[in-house]
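A.B. asks: Take this structure first; my questions come after.
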Amino acid sequence: MRRGSVLVPEGVQEETVVPMTTDGLGAWSRTPVLSLRQVTRRYRRVEALDAVDLDVHAREVVALVGDNGAGKSTLARVVAGVEQPDAGFVEMDGAPVTISSPGAAHALGIATVFQDPALCDNLSVVANLFLGRELRVRPGGPLDEERMVREARQILDDLTTGITSVHRTVNELSNGQRQAITIARAMITRPRVVVLDEPTAALSVVQTAEVLQLVTRLREMGLGVVLISHDLADVLAVADRVEVLRHGRNNGSFDAASSSQEEIVAAITGAPGARGRAFR
Amino acid sequence: MKSLGQIFSGGARQFGMVFALLALVLAFQVWTGGKVLTSTNMQNIINGNSYVLILAIGMVLVIIAGHIDLSVGSVAAVTGIIVALAIRDWGFPWWAGILLGLGVGAVIGAWQGFLVAYVGIPGFITTLAGMMLFRGANQAIGQSNTIPVPDEIQYLGAGYLPEWGPGTGLNNSTLLLGVVAIAALVWRESRRRASERRLGAEPVPMWAVVTRVAILSLVIVGLTYVFGSGRVGTSFPVAGVILLVLALVYAFVSNRTITGRHVYAVGGNRAAAALSGVNIKRTNFFVMLNMSVLASLAGIVFIGRSTASGPFDGTNWELDAIAAVFIGGAAVSGGVGTVVGSIIGGLVMAVLNNGLQLMGVGSDSTQMIKGLVLLAAVAFDVYNKTQGRPSIIGLLLQNRRRQTLLEGGTADPAVPDAPAPEPATRS
């Protein structure tokens, strides 16, 4: 399963490494935009991440699943620059990088959307989108409201969020729309990789569908997406590939189109004999 | 109904509030048999309340950021005594005395801002301590004496713009101010329209804009006449000019600068603001520092009006300023409020005071009425909030939302509970 490397173990069936994208190029033939190599992160004596590998290509949705405490959110924090790996390293376009801070992650083109939509209810959609990165007319000058409105509309339209007015305050929006705003917020810096940590956790069925629509939209826009989720139905609906974490370790990689929910559940729970096909 | 809505819609957010204040003034004008809208009385309202309104400007930023400042009256008092003593006894020229006073405000503000922002002591406690500390400091420094101030300081607090040029029947400075105000109004409106057009929004019809500008201009003309036509030597008060300048500056800061945006963000959701890269500590430091500087300015204006600094200056000012801010639509929980709203809130209190006094209502009843007005205004806000409707000020400021509905074509269908009540100003 280490595409383009020598780590593909014996017995891995061909279908798990088929091209994931429809552009005619095998995903495995391209350099991943983001790779984690043997990333380890320890909290005291517990290894939250134990030599985890993960590849994300452009125009690909990689779902990261696993039980509570499997290390999914830790991985998100490492990629976001909130935490540093104790061992292993992160590559972008095949070159090792250090993500020392959230700012560094943004500079590298990695945007992370965390579980709780962190928005200021009292501010308008456009003010929230640009909070902390406001555009100004000139350095030291006043806010360039016009340009922010125009760019906000552009991003919301690109994502087809259905949010028509950027002047509304956020407390008038539904939870799904709020989540859409947090995702749109991540897009302000024009990232190449987006990590979504449980974006649908608190949403209704309809709102979940809206957010999943957004996720596919991100792929169409050519981004690499890491979708962290509990919900396998959601995951299989939008992901190209499903990576399972168990006790901080890789525990299987599945092609979303050809894998069943049962297989993945087995990998998540570690049921004996269930790891055969995708075991590395 | 719709056409009336269009007049009120769009840029002049504060239009509805100006309208409400105007209604109050006119009501008192009728009830007092025409004693309110006289030159002398209007000048008195401005002169007698400018310091509270200056405080309200700083207080609204503090409250938006989610704090409170109880020390403003004491800060004003200690500044007042230092300025008075510096000029009378320490050989400071009057202008250096003013600079010293503002410096005292900055030092006190930095102290309180440091405690609130960097040490993490709640603003309520920090400034409650400051209230006692600086009241005592005022009395210690002045030894509880009353110290007179020179004419230049008195000019700031109680003076009038000079007369010059040809005899127009009005005070020419006031006339000029009125003309500039109308020109600025027209300029702002046209700029806003241009911006809307560039953003591709369906602009408010021209006739609605013209009507709105015409009504506001009429109000300005009326005010120019009232202030300019008083007895010779009077005009729009100097304290009022200071207030106007501050109002413009702070409306700009709160709406159009990153600092202002961050003050709202910190009050709205501190955690989210921090995650977004807003510097929470610097923002909190700024609002506390700013408040004390404005309090010291208010103190200087006040000793000018009362011709001396005394040991009980500034008593209860914090409460007047806070009341003005809440009548002006700010939320106790922070994140909500406007500079212009707070000034209008302060003017509502001032007009109430003045009108009731002119009607011969005793100070006992006046205080009760003011208390009830504050309660009613905030209760209305709270009620509307629980109903998912905008606050009283939000209601008066409906135009913004209506404008966005216009530009968006339809309201978002995914939000069934999008509040769209008929605004009071329409009916």
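Quick note: the coordinates plus some simple rules give every number you see, no bench work behind them. Treat the numbers as computed from the prediction; the structure is a model and nothing was measured. Cβ atoms come from the backbone with ideal geometry, glycine included; neighbour counts cover every protein chain shown.
A.B. asks: Could you run the Karplus curve 6.51 cos²θ - 1.76 cosθ + 1.60 with θ = phi - 60° over the range B:158-174 and give me ³J(HN,Hα) per residue in whole Hz, x for Gly and Pro?
C.D. replies: 3J(HN,Hα) across the range B:158-174, in whole Hz: 9, x, 10, 5, x, 9, 7, x, x, x, 9, x, 10, 5, 5, 4, 5.
A.B. asks: Is there a simple number for the mean count of other chain Cβ atoms within 10 Å of the Cβ of residues in B:269-282, and what is it?
C.D. replies: Working: counts 9, 1, 3, 12, 6, 2, 7, 10, 6, 4, 1, 0, 0, 0.
Taking the mean over all residues of the peptide, I get 4.
A.B. asks: Right, something else. Excluding B:Ala77 itself, calculate the net charge of residues whose Cβ lies under 10 Å from the Cβ of B:Ala77, where each Lys or Arg counts +1 and each Asp or Glu counts -1.
C.D. replies: That sum, taken over residues with Cβ under 10 Å, equals 0.
A.B. asks: Further question: Work out the FRET efficiency for A:Thr31 and B:Lys281 from their Cβ-Cβ distance, taking R0 = 41 Å, and round it to the nearest 0.05.
C.D. replies: Working from the Cβ atoms, E equals 0.45.
A.B. asks: If you take the beta carbon distance between B:Thr40 and A:Asp158 as r and set R0 to 60 Å, what does 1/(1 + (r/R0)^6) give as a FRET efficiency, to the nearest 0.05?
C.D. replies: Values: r = 62 Å, r/R0 = 1.03.
Efficiency computed from Cβ-Cβ geometry: 0.45.
A.B. asks: Let me ask something else about it. As a footprinting exposure proxy, order B:Tyr250, A:Tyr43, B:Tyr51, B:Tyr155 by other Cβ within 10 Å, with the fewest listed first.
C.D. replies: A:Tyr43, B:Tyr155, B:Tyr250, B:Tyr51
A.B. asks: Work out the mean other chain Cβ neighbour count within 10 Å for the residues of B:250-256 and drop it here as an integer.
C.D. replies: Numbers: counts 0, 0, 1, 1, 0, 3, 7.
Mean partner-chain Cβ count within 10 Å for B:250-256: 2.
A.B. asks: Roughly how big is the protein assembly as shown's charge dipole about its Cα centre, with Cβ charges of +1 (Lys, Arg) and -1 (Asp, Glu), in debye to the nearest 20?
C.D. replies: Value, rounded to 20: 1140 debye.
A.B. asks: Something else about it: For chain A, what's the relative contact order in percent, using C-alpha pairs closer than 8 Å and at least 6 residues apart?
C.D. replies: Rounded, it is 26 percent for chain A.
A.B. asks: Moving to a separate point now. Taking other Cβ within 10 Å of each residue's Cβ, how do B:Asp364, A:Asp157, A:Asp144 sort, fewest first?
C.D. replies: B:Asp364, A:Asp157, A:Asp144
A.B. asks: Among B:Phe236, B:Phe114, B:Phe252, what is the fewest-to-most ranking by other Cβ atoms within 10 Å? Don't skip to the answer; put the middle values down first.
C.D. replies: On the way: B:Phe236 26, B:Phe114 17, B:Phe252 13.
Going from least to most buried by this count: B:Phe252, B:Phe114, B:Phe236.
A.B. asks: How high is the FRET efficiency between A:Ala237 and A:Asp67 when r is their beta carbon distance and R₀ equals 25 Å, given to the nearest 0.05? Walk me through the numbers before you get to the answer.
C.D. replies: On the way: r = 20 Å, r/R0 = 0.81.
The pair A:Ala237/A:Asp67 has a calculated efficiency of 0.80.
A.B. asks: Using Cα positions and a limit of under 20 Å, work out the aspartates and glutamates in reach of B:Lys370, with same-chain residues fewer than 8 apart set aside.
C.D. replies: B:Glu318, B:Asp320, B:Asp381
A.B. asks: Then there's this: Whole angstrom only: what separates the Cα centroid of the range B:138-166 from the Cα centroid of the range B:268-316?
C.D. replies: 22 Å
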